[in-house]
């Protein structure tokens, strides 16, 4: 089945070439672009960011007038021994209330909401990095699995020839049936390894589909390795400056500081103004006659200054809670900073380890190839057994498989280091695609729009964002 698929793929490429169009391989950049455009996780966190933008608008709205209207209609009836009285009253009132001054409490809420917006933006960048890194992992997993399948297929072909040679030597009496059985066992083991490698390739294809929204057709060779900083200390410094999780934790800590000030300001008084106007129409009707309508108009203007003297411990508890959340944010910032430093160090070490492994494995492959060639020649002269040939072939196969893994680890470690330094983004990688502008929606809603014209503008913004 695998060979049939391979032939079908070759035929398809030939047909495209005959049609005057060359089949293009999918590069790592193409994979990242597909993942960025396909990711539902990015869309989810964009929505979270838009919700945080609306928190700024809601906090700003606290400083604006609140206009409300109230309409009511009441009917009441009273009875005595000889008569009853029915009263009807209809009223319509409209009023406005506006906070004039609260000693900075509302402004602190606005500033805290803005800090949360900035923190959420950094969280979106972190999600973008995770999506691109997952796409990178999927890309290299596909390449590694494909190379392992090719290696196992080649090994099956070689061992098939070895098994036939063993059978021929047995037929002329040079070896025993035990040698043929050993060749059969080694061939079956390699065929099982081929089946396992094909299964790993299918699993890698499914992971690629989940990351990018499509199955891979043909993957291009990896691009040149990204440039590294001069030292691990420089890489750590870059990570501390640029990583979005650190920036997010810094913004969250700043918001928590404002939360403490806001909780303390809850004890301050607040001054508000109110305006109210209304009309009331009432009528009283008795059993013996018809009552007259009574219309009354009313209007009032006032100022109100209030302050909580005793809250039963609620305000002090809120203040202590805000201080605890501030301490939590500070500790989280320190913890995230340490984690990023650890990630940078681990990625740097993985690069060094993979490079050393590749160098050692190259020497191992050269020696194993030479040993395999020698053992085959000696076996042809009767100086070596079939088992010696199979062992040499297995050692060569394992060395080649180890090199495939080491090369994939080296490539991936470079991109893991980029992510740890906060540089695995569409903008830094210059992928050449439109990116999401987090300020576009914020600028549309930060002034708390309320007219239908603004609403239509927001709808256009949302549609445009959805196309990016």
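The values are calculated or read from the model by the stated rules, or taken from the named source; none is laboratory data. What you are looking at is a predicted structure, and each value in this text was computed from that prediction instead of being measured. Virtual Cβ from ideal backbone geometry, glycine too; neighbours counted across all protein chains shown.
Any idea which residue in the range 167-181 is surrounded by the most Cβ atoms within 10 Å (Cβ to Cβ), counting only those that are outside any helix (DSSP H, G or I) and touching a residue at least 60 places away in the same chain (Cβ under 8 Å)?
Of everything passing the filter in the range 167-181, 175 is surrounded by the most Cβ atoms within 10 Å (Cβ to Cβ).
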State whether one or more residues within the range 362-385 are touching a residue at least 40 places away in the same chain (Cβ under 8 Å), at negative phi and exposed (fewer than 15 other Cβ atoms within 10 Å of the Cβ). yes
Within the range 69-120, of all residues that are touching a helix residue (DSSP H, G or I) at 6+ places or on another chain (Cβ under 9 Å) and surrounded by fewer than 16 Cβ atoms within 10 Å (Cβ to Cβ), the one nearest to residue 255 (Cα to Cα) is 104
Selection status of residue 22, touching a helix residue (DSSP H, G or I) at 6+ places or on another chain (Cβ under 8 Å) and at pLDDT below 90: yes
Among 377, 393, 427, 398, which is the only one that is modelled with pLDDT of 90 or more and either under 22 Å from the mean Cα position of the chain (by Cα) or within 30 Å of residue 165 (Cα to Cα) (or both)? 427
Only residues in the range 280-293 that are on the phi < 0 side of the Ramachandran plot and in a strand (DSSP E or B) count as the first member; pair them with residues that are surrounded by 14 or more Cβ atoms within 10 Å (Cβ to Cβ) and modelled with pLDDT under 55, Cβ under 7 angstrom, at least 6 apart or cross-chain, and list the lot. none
Cβ contacts < 8 Å: first residue at positive phi and in contact (Cβ under 8 Å) with a residue 60 or more places away in the chain, restricted to the range 234-260; second residue in a loop (DSSP other than H, G, I, E, B) and surrounded by 20 or more Cβ atoms within 10 Å (Cβ to Cβ), any location; separation 6+ or different chain. Result? none
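Quick one: is residue 162 part of a helix (DSSP H, G or I) and at pLDDT 90 or above?
Values: part of a helix (DSSP H, G or I): yes; at pLDDT 90 or above: no.
So residue 162 does not fit the description; no.
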If we keep only residues of the range 234-260 that are surrounded by fewer than 16 Cβ atoms within 10 Å (Cβ to Cβ) and over 23 Å from the mean Cα position of the chain (by Cα), then the residue farthest from residue 96 (Cα to Cα) is 234
Yes or no: residue 334 part of a helix (DSSP H, G or I), within 44 Å of the chain's Cα centre (by Cα) and touching a residue at least 12 places away in the same chain (Cβ under 8 Å)? no
Spot the failing condition for residue 382; the list is (1) within 30 Å of residue 127 (Cα to Cα); (2) outside any helix (DSSP H, G or I); (3) out of contact with any helix residue (DSSP H, G or I) (no Cβ under 6 Å at 6 or more places or on another chain), and only one is missed. (1)
Can you tell me how many residues in the range 308-331 are free of Cβ contacts under 8 Å to residues at least 40 places away in the same chain, assigned to a helix (DSSP H, G or I) and over 30 Å from residue 238 (Cβ atoms)? 5
So which of 142, 175 is in contact with a helix residue (DSSP H, G or I) (Cβ under 8 Å, 6 or more places away or on another chain) and at pLDDT below 90? 175
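Report whether or not residue 126 is modelled with pLDDT of 90 or more, assigned to a helix (DSSP H, G or I), touching a strand residue (DSSP E or B) at 6+ places or on another chain (Cβ under 7 Å) and closer than 30 Å to residue 438 by Cβ. Before you say what the answer is, go through the steps one by one.
On the way: modelled with pLDDT of 90 or more: yes; assigned to a helix (DSSP H, G or I): yes; touching a strand residue (DSSP E or B) at 6+ places or on another chain (Cβ under 7 Å): no; closer than 30 Å to residue 438 by Cβ: yes.
So residue 126 does not fit the description; no.
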Which residue pairs have Cβ atoms under 9 Å apart, sit 6 or more places apart or on different chains, and have a first residue in the range 182-201 that is in contact (Cβ under 8 Å) with a residue 24 or more places away in the chain and a second that is outside any helix (DSSP H, G or I) and surrounded by 16 or more Cβ atoms within 10 Å (Cβ to Cβ)? 182/385
